[in-house]
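Step one of this worksheet: look at the structure below.
The values are calculated or read from the model by the stated rules, or taken from the named source; none is laboratory data. For clarity, every value in this text was computed on a predicted model and none was experimentally measured. Positions of Cβ are generated from backbone atoms using ideal geometry, with glycine treated the same way; all protein chains shown enter the neighbour counts. We work out accessible area using only protein heavy atoms, side chains counted, and drop any ligands, DNA or RNA first. Shrake-Rupley method; radii C 1.70, N 1.55, O 1.52, S 1.80 Å.
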Amino acid sequence: MTYANLISVDQLAEHIVAPGWVVFDCRFSLADAEAGGKAYRQGHIPCARYVHLDRDLSSGITDLTGRHPLPDFNALCKKLGDWGVSNASQVVVYDDAGGAFAGRLWWLLRCLGHDSVAVLDGGIQQWRKGAYPVTTALPSIQPSLFRPYLNDSNWLSAEQVQNGLARKSIKLIDARTPERFSGRQEPIDPVAGYVPGALNRPFQYNLQADGCFKAAQELRDEWSTFIGVTPAEQVVHMCGSGVTACHNLLAMEVAGFAGSKLYAGSWSEWIRNKNRPVATKYT
């Protein structure tokens, strides 16, 4: 059996030392880029490798990009092989933020043609709640070869988003908090507001109080109401920098709405060009 979207802590515990399984710790903090690595060193799920959002899952920022540009896929594939991932591997990714950062690696692997990747439901908190062990020991890694099958139709450029909105051929959904989306607060980016025509569905709405995803049927009911008759393939997700937007994309997959896409540059890229429109609202 393979796991493609979510995996429970009990299911992971059954396979934690199974051949061909590779676990990644994706913990990260936008306020402190080294906090995730520190947390990993203090205790992680056995056999987990640590992956850094800035250094491993993003490329360098330029004057034209957002805060987390897509990585160099050739470099990422080399790292995946060095971390022991092959095309036959079952990959599990986790964090301590309800999947907000782990979702990035889940989505990147899907773009590379690797569907056997699942986010640990509830993250390391749920793992600890289940009384499963953590360790400070680094994993023993046998390097492998990872061959990519890149599908670059999984994400859109700013120009494609602008054109899609103008033609009304896409539904753009922003995963940021309501305060940031409306422009009432903007603690990270230099310009507040949202892309005109975008709708707001904070990624936190996909989660229960315990940090686990809502049941698939509940998500299906909510997303069905939210996107209406729009086909999933015409739904495009964004956020501040293209990271937490992957959470909404994952939630749609869990709900049975497959094929939505990512505006990878997101808000932090959109505002780099002063000719792109910006909206605010205060309700």
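Average projected area of the Cα convex hull of the range 125-283, in nm²?
Values: hull surface 51.4 nm².
Orientation-averaged projected area of the Cα hull: 12.9 nm².
Among all the lysines, which ones have a C-alpha under 24 Å from K171's C-alpha, if same-chain residues fewer than 8 places away are not counted?
K171 reaches K214, K261, K274, K281.
Once you keep just the Cα pairs under 8 angstrom separated by 6 or more residues, what percentage relative contact order results for the chain?
Values: 564 pairs, mean separation 61.8, N = 283.
Averaging sequence separation for qualifying contacts and normalising by length gives 22 percent for the chain.
If the chain between V229 and S59 were fully stretched, how many nm would it gain, using 0.36 nm times the residue separation less the Cα-Cα distance? Working shown, then result.
Details: separation 170, 0.36 × 170 = 61.20 nm, distance 3.58 nm.
Gain in length upon complete extension: 57.6 nm.
Quote the Stokes-Einstein diffusion coefficient, in whole µm² s⁻¹, for the range 30-123, based on the Kirkwood radius over alpha carbon pairs, a temperature of 4 °C and a viscosity of 1.567 mPa s. Walk me through the intermediate numbers first.
On the way: Rh = 14.1 Å.
D = 92 µm²/s.
Using a Gaussian network for the chain with springs between C-alpha atoms less than 10 Å apart, which of these wobbles most: L109, L12, L262?
With Cα springs under 10 Å in the chain, the top fluctuation among L109, L12, L262 is at L12.
Can you return the lysines within cross-link range of K38? Criterion is Cα-Cα under 22 Å, with same-chain partners fewer than 8 residues away left out.
Answer for K38, where 22 Å is the Cα cut-off: K79, K129, listed by chain and number.
With a cut-off of 19 Å, note down the residues of the range 228-260 whose backbone N falls inside the zone around a label point 7 Å from the Cα of L150 toward its beta carbon.
242-243
What does DSSP give for the chain in terms of the percent of beta bridges that are antiparallel, rounded to the nearest 5? Numbers along the way, then the final one.
Working: 3 of 26 bridges.
DSSP beta bridges in the chain are roughly 10 percent antiparallel.
So which trypsin sites (Lys or Arg not before Pro) in the range 84-177 are both in a DSSP loop and have at most 10 other Cβ atoms within 10 Å of their Cβ? Don't skip to the end; give the middle numbers.
On the way: sites: R104, R110, R128, K129, R167, K168, K171, R176; in loops: K168, R176.
Of the trypsin sites (Lys or Arg not before Pro), the ones in loops of the range 84-177 whose Cβ has at most 10 other Cβ atoms within 10 Å are K168.
I need the chymotrypsin sites (Phe, Trp or Tyr not before Pro) found in the range 161-265, filtered to DSSP loop residues with at most 15 other beta carbons within 10 Å of theirs. Mind showing how you got there, number by number?
Values: sites: F181, Y194, F203, Y205, F213, W223, F226, F257, Y263; in loops: F257.
Filter output for the range 161-265: empty list.
Roughly what angle does helix 216-227 make with the longest principal axis of the chain, taking Cα atoms, 0 to 90 degrees, to the nearest 10?
That works out to roughly 20 degrees.
Hey, could you grab the Kirkwood Rh for the chain? Inverse mean 1/r over distinct alpha carbon pairs, Å, one decimal. If you can, show how the numbers build up before the last one.
Numbers: mean 1/r = 0.0523 Å⁻¹.
Across the chain, the inverse of the average 1/r is 19.1 Å.
Which ³J(HN,Hα) values, rounded to whole Hz and listed in residue order, are derived for the range 136-149 from phi using the Karplus coefficients 6.51, -1.76 and 1.60 in 6.51 cos²θ - 1.76 cosθ + 1.60 with θ = phi - 60°, glycine and proline given as x?
9, 6, 6, x, 8, 10, 9, x, 9, 10, 10, 9, x, 10
Could you please state how large a percent of the accessible area of the range 1-100 is carbon and sulfur, counting protein chains only and using a 1.4 Å probe? List each step's numbers first, then the result.
Numbers: 2280 of 4230 Å².
Carbon and sulfur together cover 54 percent of it.
Check which residues have an amide H placed less than 5 Å from V23's amide H, if you skip close sequence neighbours.
R49, V92
Among H68, H15, H247, determine the one that fluctuates most according to a GNM of the chain built with springs between C-alpha atoms less than 10 Å apart.
H15
As a test, work out the antiparallel percent of DSSP beta bridges whose residues both lie in the range 109-261, rounded to the nearest 5. Write down the numbers at each step before the final one.
Numbers: 1 of 8 bridges.
Percent antiparallel among DSSP bridges in the range 109-261 is about 10.
Taking the 0 to 90 degree range and rounding to the nearest ten, how far is the long axis of helix 73-82 tilted relative to the main principal axis of the chain, both from C-alpha atoms?
Compared with the principal axis, the helix lies near 20 degrees.
Just the Kirkwood number for the range 223-267, please: inverse of mean 1/r across all distinct Cα pairs, in Å, one decimal.
Numbers: mean 1/r = 0.0959 Å⁻¹.
Taking the inverse mean of 1/r over all distinct Cα pairs, the range 223-267 comes out at 10.4 Å.
Among residues other than I170 whose Cβ falls under 14 Å from its Cβ, what is the net charge (Lys/Arg +1, Asp/Glu -1)? Please list the in-between numbers first.
Details: positive: R167, K168, K171, K261; negative: E159, D174, E233.
Charge balance near I170 sits at +1.
So if I take the centroid of the Cα atoms in the range 237-279 and the same for the range 1-72, what is the distance between those two points in Å?
First find each Cα centre; the distance between them is then 20 Å.
Could you provide, to the nearest whole Å², the per residue accessible area of the chain with probe 1.4 Å? Write out the running numbers ahead of the final one.
On the way: 12540 Å² over 283 residues.
For the chain, the per-residue accessible area is 44 Å².
For a quick check, take a GNM of the chain with Cα springs below 10 Å and name the residue from N154, N74, N87 with the largest mean-square fluctuation.
N74
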